[in-house]
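The structure appears right after this line, and notes come after that.
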Amino acid sequence: MKKNIFLLFFVQASNYLFPLLTLPYLMRVLGAENFGIVAMVQAWIQYIIIFVDYGFNFSATLLVSVNKNNRIKINSIYTSVTIAKFILLLISLFIFAIYMAFIGPSIYSSLILLGLISVIGTVLFPVWLFQGMEKMQGIAICTTIAKFVSLLLIFILVKSPDDMNMAVISQSSGMFLSGILSCYFIKKEKMAKFTKVSLYEIFDVLKKGFDLFVSNITISFYTTLNILIIGYFGGPVLAGYFSAADKIRTAAQGLMSPVQQAMFPRVSSLISEGKSLKEILDLYGKKFIIFGFIITLSIIVIGYPASLYYYSLEYRVSSLILLLMSPIPFIVAIGIVFGQWWLIPNNKTKIVRKTYLTVSLIHVIVSVILINVTPTYGVSISVILTELVVSSIFVMASFNYGKFIND
């Protein structure tokens, strides 16, 4: 397990380190407004990716982890999930075509079209298969190579404020390459292969991931949608300021993802064996929450001062937004332990779904109100309040519906 966590740390580092290396370059070359436009396009692309990924990164990981010694079942899951994702991709393309027909061409739609390259990559790259079978080296190899290529393309192709299309293509090409490389790795390691499946099996994997899909969509209301809210009500410049701050915050917070992803199959197995909430907290939960607190403290003590030098003078307001959002990793860590690690393996996904749905809709309303009160910081304040409410609900639900100690 330690090896898997290390490899996922390596993956997460490449996911955030390479973009952080290009962030100040893109900010300066594109300028605040065009950088904001690209950030808004990336948000739209991320929405399509969320739709295509569905809830498979949790539901399919769980299916693979409990069937990893059953080769026939693994092939069936791999085929069913991949076909389901292709269907969701086709639905996305159909909706986008209708949108283009009614709205007509624009700078945003043309850039989104270029960014669809990355969506194809997410279909081809079964992260859930690697995680479920605990073969993290495959993710590490595919991701690192792809991110490095994307990094080079940005510095080679993006030379002026007019190169927004090159910026989108360069960023999207990394995910596409990851997908191609993962297909080769899966075949070489004989991890899974396509087999004949029924419509029922495809429908079944969609059904199993539905609650988590709804959760992912609603979570995006207070993550991905923030940039679009700011861009719509405040303009692309403010969206650029927020995006610059949020990238550093998410990069720091992303340090938790390798542990979260590596531990999820292990915690799920322990819970299936009858481990209590107290035992899960003592074994892993408390340590993970402390880890989240350390990340929050690091953003305050190190991240904020460093950002004053990292950003250009044009983006100094981004440093203040970063400081304001610094408590989020600690709050999110609590939510992960009680939500993803406890409620989901205990088949309480409906609680998770309803919580995210209700709170995220409230977040959108509060964000719109606060952005009119304080355009620069309104959405950031709403995000903190939303994460705090979500984590609080998960804690209460875990104690109400879970077995705290073994009888």
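Looking at the structure I just gave you, is S160 touching a residue at least 24 places away in the same chain (Cβ under 8 Å), among the small types (G, A, S) and either crowded, with 23+ Cβ neighbours inside 10 Å or out of contact with any Lys or Arg (no Cβ under 7 Å at 6 or more places or on another chain) (or both)?
For S160, the condition - touching a residue at least 24 places away in the same chain (Cβ under 8 Å), among the small types (G, A, S) and either crowded, with 23+ Cβ neighbours inside 10 Å or out of contact with any Lys or Arg (no Cβ under 7 Å at 6 or more places or on another chain) (or both) - is met.
What residue, of L322, L297, is open to solvent by less than 50 Å² (accessible area, probe 1.4 Å), over 25 Å from V64 (Cβ atoms), assigned to a helix (DSSP H, G or I) and hydrophobic (A, V, I, L, M, F, W, C)? Before you say what the answer is, go through the steps one by one.
Values: L297 fails: open to solvent by less than 50 Å² (accessible area, probe 1.4 Å).
Going through L322, L297 in turn, just one is open to solvent by less than 50 Å² (accessible area, probe 1.4 Å), over 25 Å from V64 (Cβ atoms), assigned to a helix (DSSP H, G or I) and hydrophobic (A, V, I, L, M, F, W, C): L322.
Looking at (1) modelled with pLDDT under 85; (2) more than 18 Å from Y47 (Cβ to Cβ); (3) open to solvent by less than 70 Å² (accessible area, probe 1.4 Å), which one does S106 not meet, given that it meets all the others?
In the conditions (1) modelled with pLDDT under 85; (2) more than 18 Å from Y47 (Cβ to Cβ); (3) open to solvent by less than 70 Å² (accessible area, probe 1.4 Å), S106 misses (2) alone.
Collect the residues in the range 342-371 that are farther than 15 Å from L228 by Cα, in a helix (DSSP H, G or I) and not hydrophobic (A, V, I, L, M, F, W, C), keeping them in residue-number order.
Scanning the range 342-371 gives T349, K350, R353, K354, T355, Y356, T358.
Each row is one residue, and each column tells you yes or no for (1) under 29 Å from Y25 (Cα atoms); (2) touching a residue at least 12 places away in the same chain (Cβ under 8 Å).
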{"position": "L281", "(1), (2)": "no, yes"}
{"position": "F288", "(1), (2)": "no, yes"}
{"position": "L308", "(1), (2)": "yes, no"}
{"position": "L313", "(1), (2)": "yes, no"}
{"position": "V317", "(1), (2)": "yes, yes"}
{"position": "S326", "(1), (2)": "yes, yes"}
{"position": "W342", "(1), (2)": "no, yes"}
{"position": "P345", "(1), (2)": "no, yes"}
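Looking at (1) of a type outside the set (A, V, I, L, M); (2) more than 20 Å from P19 (Cβ to Cβ); (3) surrounded by 19 or more Cβ atoms within 10 Å (Cβ to Cβ), which is the only condition S150 fails?
Unmet condition: (2).
Could you pull out the residue among I77, I112, I87 that is in a helix (DSSP H, G or I) and either surrounded by fewer than 16 Cβ atoms within 10 Å (Cβ to Cβ) or hydroxyl-bearing (S, T, Y) (or both)?
Residue meeting the stated conditions: I87.
Could you tell me whether any residue of the range 133-144 is within 20 Å of the chain's Cα centre (by Cα), open to solvent by less than 10 Å² (accessible area, probe 1.4 Å) and closer than 17 Å to W44 by Cα?
no
The values are calculated or read from the model by the stated rules, or taken from the named source; none is laboratory data. The shown structure was predicted, so the numbers you read here are calculated from the model rather than taken from an experiment. With ideal geometry, Cβ positions are generated from the backbone for all residues, glycine too; neighbour counts draw on all protein chains shown. Keep in mind that these areas ignore ligands, DNA and RNA; they rest on the heavy atoms of the full protein, side chains included. Shrake-Rupley method; radii C 1.70, N 1.55, O 1.52, S 1.80 Å.
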